[in-house]
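The values are calculated or read from the model by the stated rules, or taken from the named source; none is laboratory data. Worth saying up front: this structure is predicted, and the values here are computed from it rather than measured. All Cβ positions, even for glycine, are placed from backbone atoms using ideal geometry, and neighbour counts span all protein chains on display. For the accessible areas, the whole protein counts, side chains as well, though only heavy atoms, and no ligand, DNA or RNA atoms are used. Shrake-Rupley method; radii C 1.70, N 1.55, O 1.52, S 1.80 Å.
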Amino acid sequence: MALDEIKSLVGGKWKLDRSENFDDFLKALGLNVVFRKMASAAKPVIEIKVDGDTVKIISKVSFFNQVMSFKLDEDYKQSFEGLEMNCRSRWEDGKLITDAKPVNEGKGKPQKFIRERKNDELVQ
């Protein structure tokens, strides 16, 4: 049932419309100013799809593509900005929630990504 809800509520292609406090977020993660400026200028297209029992989130920008592929409620590894993270994603109350913790302690900070549909927008 969760996979059907993901497909119907947040599935499809989404284009970034606006960012709020994104530079502050990247700065708190310890990313350098060059990367922050590039990331802030990017207008990615994000595609969320369900393939069998696997959720795929594909982020595409002119200089970078990232693919996350996972099964709900199972551990997996993912690289974010070159930092390896232990992740687990779940579907809860109409939200796709991903908890990410650095593989190597002391390198990076734990992160939580919450994606949900509000009206006709995907909000993260």
TODO: Only residues that are under 27 Å from Trp91 (Cβ atoms), open to solvent by 80 Å² or more (accessible area, probe 1.4 Å) and either at pLDDT 80 or above or within 15 Å of the chain's Cα centre (by Cα) (or both): list them for the stretch 12-31, please.
DONE: Lys13, Lys15, Asp17, Asn21, Phe25
Open item on the list: Looking at (1) more than 23 Å from Glu121 (Cα to Cα); (2) in contact with a strand residue (DSSP E or B) (Cβ under 6 Å, 6 or more places away or on another chain), which one does Arg90 not meet, given that it meets all the others?
Closed with: (1)
TODO: Could you please tell me which pairs satisfy a Cβ distance under 8 Å, a separation of 6+ or placement on different chains, a first residue in the stretch 1-14 that is closer than 14 Å to Asp120 by Cβ, and a second residue that is in a loop (DSSP other than H, G, I, E, B)?
DONE: Leu9/Gly94
- [ ] Any residue in the stretch 32-58 that's within 15 Å of Arg90 (Cα to Cα): show its pairings with residues that are assigned to a helix (DSSP H, G or I) and open to solvent by 80 Å² or more (accessible area, probe 1.4 Å) at Cβ separation under 7 Å, as long as the two are six or more apart or on different chains.
- [x] Val50/Lys7
Task: Answer residue from the stretch 35-60, given it is of a type in the set (A, V, I, L, M, F, W, C) and modelled with pLDDT of 85 or more and is surrounded by the most Cβ atoms within 10 Å (Cβ to Cβ) among those - done: Val55
